[in-house]
Structure formats: structure tokens, C-alpha cells
1. Scan segment 292-319 residue by residue and report those that are closer than 17 Å to Lys4 by Cα and either at pLDDT below 95 or out of contact with any Leu (no Cβ under 8 Å at 6 or more places or on another chain) (or both).
2. Strands (runs of 3 or more DSSP E) wholly in segment 10-92 with at least 3 residues that are within 20 Å of Ser275 (Cβ to Cβ) - which ones?
3. Of the residues that sit in segment 2-12 and are of a type outside the set (A, V, I, L, M) and buried (at least 17 other Cβ atoms within 10 Å of the Cβ), which one is nearest to Gly69 (Cα to Cα)?
4. Just give me the residues in segment 182-201 being modelled with pLDDT under 95 and touching a Lys or Arg at 6+ places or on another chain (Cβ under 6 Å), in sequence order.
5. Identify all residues within segment 342-370 that are part of a strand (DSSP E or B) and under 13 Å from Ile323 (Cα atoms); write none if there are none.
6. Enumerate the pairs (first residue in segment 114-135 and assigned to a loop (DSSP other than H, G, I, E, B); second residue anywhere and among the polar types (S, T, N, Q) and at pLDDT 95 or above) with beta-carbon separation below 8 Å, excluding pairs fewer than 6 apart on the same chain, so at least 6 apart or on different chains.
7. Scan (1) at pLDDT 95 or above; (2) surrounded by 15 or more Cβ atoms within 10 Å (Cβ to Cβ); (3) closer than 24 Å to Glu364 by Cβ; (4) not polar (S, T, N, Q) for the single condition Ala147 breaks and write down its number.
8. If Tyr84 passes every condition in (1) buried (at least 19 other Cβ atoms within 10 Å of the Cβ); (2) closer than 13 Å to Thr31 by Cβ but one, which one does it miss?
Amino acid sequence: MAKKKVLVLNGSFCESPIIQKAKEMGMYVITTGNAPDLIGHHYADEYIPADYSDKEKVLQIVRDNDIEGVISCANDFGVLTAAYVAEQMGWPGHDKYETAKLLHHKNLFKQYVYEHNIPAPHSYCPADKEDALNYIKEIEYPIIVKANDLTGGKGIRRANTYEEAVEAVNYSYDKSRDKHIVIEPFIIGSQHTYDSFVINKKVACATSCNCYSPINPYLIQSEVLPADYIEDLEPQLKTIVENMAEDLDLVDGILALQYIVRDGKPYIIEMMRRSFGNQFLTLTDKITGFPWEEAYIKAALGESLDDLNITEPEYKYCGHHGIMAPHDGKILKYEIPEEIQSHLFMKIDMLDDNHRMINDHLNERIAYIYYHYDSKEEMVNAVKNFNRDIKVTFDE
């Protein structure tokens with residue numbers, strides 16, 4: 001019997017577990033993307049070069065290669081392409097394309113949460129740059145300005161004054177592909193994520209995490225599971241997810257809410273209908289016993305989720321951390337002390353002998369480490385000092 005041909009958008013280390021799991025499940029995996037050297041492509045059966053955000057090009061690849069299903073990568077552009085291709089092909093497993101745009105374009109999502117009384121910063125979505133520059137003359141500061149269609153902290157700037165806001169508006173417009181931005185009050189509080197897997201519009205499994213961004217305030221460096229305050233906040237977050245799933249007729253799959261907690265209340269700032277970066281599903285697997293990668297693949301292909309094998313959670317407290325450099329330069333080595341090393345269950349090096357130069361220390365990682373602890377307090381205290389305790393040495 002011929003294997004089912006599936007297309008995974010992109011092939012970075014973030015998608016590697018999805019690619020490997022799909023092959024484990026007996027599928028013929030094709031990857032695409034415009035970076036052929038990414039490690040995930042090496043795990044695939046076949047690689048076809050293309051920009052995965054080019055939905056028409058990806059649709060042509062699907063038609064030309066008798067592909068039977070598409071799986072999004074850990075990027076919002078992948079969600080949009082997958083939704084578009086599935087809709088054109090008449091495939092189940094993905095939200096309608098217009099729904100995917102509503103959820104992953106910040107201006108549309110911010111308008112949705114406002115209209116549906118979902119707790120969130122009240123954002124302003126200017127019509128154009130002139131409108132934005134006029135708006136910032138009359139508002140209270142601080143604010144945060146975001147490019148409409150980017151992820152991973154790209155295209156974001158905080159502004160404490162009008163002069164900073166002008167720079168932020170220009171920066172975000174420059175970075176945005178569709179030339180739209182959102183402007184919202186900057187809420188001071190702790191950042192968290194509620195990660196749920198929705199089946200038949202109900203939360204079948206969920207976990208949560210604290211998010212820490214000590215080096216780049218717009219890029220999460222460390223996450224620890226589960227989140228603080230989650231026992232009190234989960235009923236409200238779960239209700240938000242299930243109401244959205246029902247209202248928007250969402251298909252089975254991941255639905256994550258990023259939120260800020262201030263004065264004990266959650267304020268939704270972002271959402272995602274996709275796999276997460278940094279191999280985060282490895283953590284959700286271990287802390288819940290729910291097979292997130294398998295469920296993600298089956299849901300994207302419109303397959304039944306009735307026979308998922310749910311096991312006992314492996315860890316009670318776990319997390320990941322991206323080792324980053326304090327400045328640009330050529331890395332000689334990094335050293336993890338034994339008191340951290342003893343808690344690691346996985347490590348991924350992002351540099352090798354041919355690539356040891358850090359050119360953008362605010363965004364590049366040297367390595368990722370994945371750890372577990374018996375005590376959440378011990379884990380949080382340790383993670384907050386990882387940047388101090390993990391020594392990075394430069395080749396001067």
C-alpha cells in the first residue's frame with residue numbers, strides 16, 4: 001500500500017519532531033521552505049524548495065505532487081498557507097482561510113476580542129501611517145506598537161514618549177508585510193501562555209507556562225510549566241477558548257492564548273492555532289501525557305482522534321531555555337554547571353564547527369536546554385539565574 005503523502009511547511013528544528021512523528025506514523029513526508037540547509041529537511045523523504053508563505057506556490061506543489069494533506073509549521077504564515085491550500089483542495093483539518101486570517105492578523109484578532117468582551121488591552125488599528133502618527137499625539141504612555149503579521153517578537157517596539165512612538169510606528173510599518181500595525185497600552189505584569197488542544201470545540205487537554213524574556217523583551221527566552229496562578233485562571237481561559245471554538249467553528253487542533261496577568265486578571269495579547277517553536281510540544285507531552293505531536297498531525301489531516309494513547313505525565317514541572325550570548329561575536333564554548341546539567345533531559349546545539357558566529361545576539365540562540373525539577377520554586381529560581389550561571393566564552 002502506498003504511503004500517504006503529506007506536506008510539512010518548513011523544516012527547521014522546530015518542525016523536526018513533527019516530521020519525524022509523521023514518518024513514524026507511516027507517512028511519506030515532503031517538506032518545503034526557502035532554506036534548504038535546515039535540519040528538518042534531512043529527516044523528510046523529499047524536499048521541494050519554495051517560500052512556504054507563498055500560498056499559490058504551495059498549492060501548485062500540492063497539485064503537482066499528488067499530496068494528500070498539509071501540516072503547518074511553527075509560524076503564522078504557515079497557518080495561513082495551510083488553511084488556504086486545504087480550502088482550495090477541499091480538505092478537512094484546517095480552519096477556513098478567512099478565519100485563519102482573523103486569528104493570526106493582529107488587527108483583526110484585536111477587533112474580535114474587543115467585540116466579544118474578551119479581556120485584552122484595547123488596541124487601536126490605524127488605517128495607515130498618517131492615522132497612526134496622529135493617534136499617538138493624544139494618548140497616554142507607555143504603549144506598545146506591533147507589526148500586524150509577524151511572530152517571534154519581530155516588528156515590536158515599546159514607546160514611553162511621543163518621540164519614541166514615532167520611531168516605533170515607523171519601525172513596525174517597515175517590518176510588516178501587509179503594512180498594517182496595532183497600537184495598544186503597555187500592560188505591566190507577568191507573561192504566560194495557556195496551551196490547549198481542542199477536540200469537537202472542547203478543551204481535551206491543556207497546560208500552561210510562565211514566559212521570561214530577560215535579554216530581548218520581545219522574545220521569550222525561557223518557559224516553565226505550569227504557569228503561576230493557573231489554578232485560579234484556567235476556568236476563565238478555558239471558557240474563552242471554547243467560546244471562540246464554537247463561535248468561529250474551529251476545527252480540532254491547538255489553540256494557545258498568550259496573556260499578561262495584572263492584579264490577578266488575565267489580559268489576552270496574542271493567540272496561536274499552530275505548533276509552537278523551540279520544540280515546545282516536547283514539554284507539553286511530558287507534563288500532560290497527551291500525545292501532542294500525533295494529535296497535531298492527525299487533526300491537520302482531518303483524521304479521527306478517538307484512538308490517541310494518553311499516558312501518565314512524565315514530569316510535574318519542566319521547561320526550556322534558549323542559551324543566548326550577551327553580545328555579538330564568535331562563540332568558543334558554553335559551559336553548563338552540574339547543578340543545572342543534572343536536571344536536563346534534552347539539549348539541542350544550534351551552532352557547529354562551521355557556524356560559531358553570533359551576528360544578532362538579541363534573537364539568535366547558541367543552544368536550547370530542556371529540564372525538569374521536583375519543585376517549581378526551585379525550578380523558577382534556577383531559571384531566572386541561567387543567564388548568569390551558564391558561561392558563554394567568546395573566541396576573541
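The values are calculated or read from the model by the stated rules, or taken from the named source; none is laboratory data. Note that the structure is a prediction, hence the values are computed from the model and not measured. Cβ atoms come from the backbone with ideal geometry, glycine included; neighbour counts cover every protein chain shown.
1. Ile297, Ala300, Leu301, Gly302, Glu303, Ser304
2. Once the strands (runs of 3 or more DSSP E) in segment 10-92 are filtered for at least 3 residues that are within 20 Å of Ser275 (Cβ to Cβ), what remains is 28-33, 69-71.
3. Filtering first and then ranking leaves Lys5.
4. Val182, Phe186, Ile187
5. Lys347, Ile348, Asp349, Ile358, Ala367, Tyr368, Ile369, Tyr370
6. His116/Asn243
7. (1)
8. (2)
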